[in-house]
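Remarks on the structure that follows.
Each reported figure results from applying straightforward, stated rules to the coordinates on display, with no laboratory input. This is a predicted model, so every value here is computed, not measured. Here the Cβ positions follow ideal geometry from the backbone for every residue, glycine too, while neighbour counts run over all protein chains shown.
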Amino acid sequence: MRWRCLLIASLVLLVLLAGCQSSVKMESFVRTEAAGVFTTQTAEAALRTQAAGEVLATQIAAQPSATPAPSATPVPSATPAPTATPIPSATSPSLPDSVYRPETGEIILDRRPAGGSGELEVENGGNVDGLVVVVDLSDIALTAFYIRYGSTYTLNGIPDGVYRIYFSTGEAWDGLAKAFSISYSYERFDDLLDFATTASQYTIWTLTLQPVVGGDAQTSSVDPADFPEIK
């Protein structure tokens, strides 16, 4: 009886031990299965990652590579313009040492008698200087004065009488020759100027050496040989 109890106890112990081992194996199996699931998930993720990598690679491969921008064609440098050959200037005429430019109002010749009251106002609105000569009816010069272009001058002290007015224009006045050396011209006013003085009045004439709108004085060209002598 006692032996049978021991045998039953041993059997119970074996059963218990077998149950524990089964539990351990079951737990191990579950953990292994869980690990397998984890591994499977990891592998699936890896596969997905690999698949995504393949898609990405496909997408990258499918995109055409950027065509390199063509290199800029170098612009040819501008050909320097040929240097213009300077045109030799015309040789300036040799001018004497007596050439100078008088001031406006400088008296070149003066034969006026004292006591005259008449006035002659002259405007030179041209682009060259001028010489004005007052002569009597015999074309004998009474007085002459210089007037620069762009200026006006009034000659005083003209005696009573009838006079004609000559004028010359040009450049490079020669004080010795009493004439212009370059681009000169000679003219005279066609009308005579009458100067008269009384106890209460005297005569003033106004002339312009250039044409003006509304002007009523006429001029004529004169040969240089017929221009009054002012030496």
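Please compute the net charge surrounding residue 197, taking Lys and Arg as +1 and Asp and Glu as -1 over other residues with Cβ under 14 Å from its Cβ. Computed value for this residue: -2. A Förster radius of 30 Å combined with the Cβ-Cβ distance from residue 137 to residue 183 puts the calculated FRET efficiency at roughly 0.45.
Of 162, 132, 222, the sequence from fewest to most neighbouring Cβ atoms within 10 angstrom is 162, 222, 132. Spin-label model, residue 222/residue 208: points 7 Å from Cα along the beta carbon direction are separated by 2.2 nm. Across the stretch 215-231, computed HN-Hα scalar couplings (Karplus, 6.51 cos²θ - 1.76 cosθ + 1.60, θ = phi - 60°) run x, 10, 9, 9, 10, 9, 6, 10, 5, x, 5, 9, 6, x, 6, 10, 7 Hz from first to last residue, x flagging Gly and Pro.
In this simple spin-label model, placing a label point 7 Å from the Cα along the Cα-to-Cβ direction at both residue 196 and residue 94 gives a separation of 5.6 nm.
Per-residue 3J(HN,Hα) values for the stretch 95-112, derived from phi via the Karplus relation 6.51 cos²θ - 1.76 cosθ + 1.60 with θ = phi - 60°, read 9, x, 5, 7, 7, 7, 10, x, 7, 4, x, 5, 7, 8, 8, 8, 10, 6 Hz in sequence order (x marks Gly and Pro). For the stretch 182-198, backbone phi angles converted through the Karplus equation (6.51, -1.76, 1.60; θ = phi - 60°) give residue-by-residue couplings of 10, 6, 8, 8, 9, 9, 8, 7, 6, 7, 8, 10, 9, 10, 9, 10, 10 Hz, Gly and Pro being listed as x.
For the stretch 100-198, trypsin sites (Lys or Arg not before Pro) meeting the loop criterion (DSSP other than H, G, I, E, B) and having at most 15 other Cβ atoms within 10 Å: 111.
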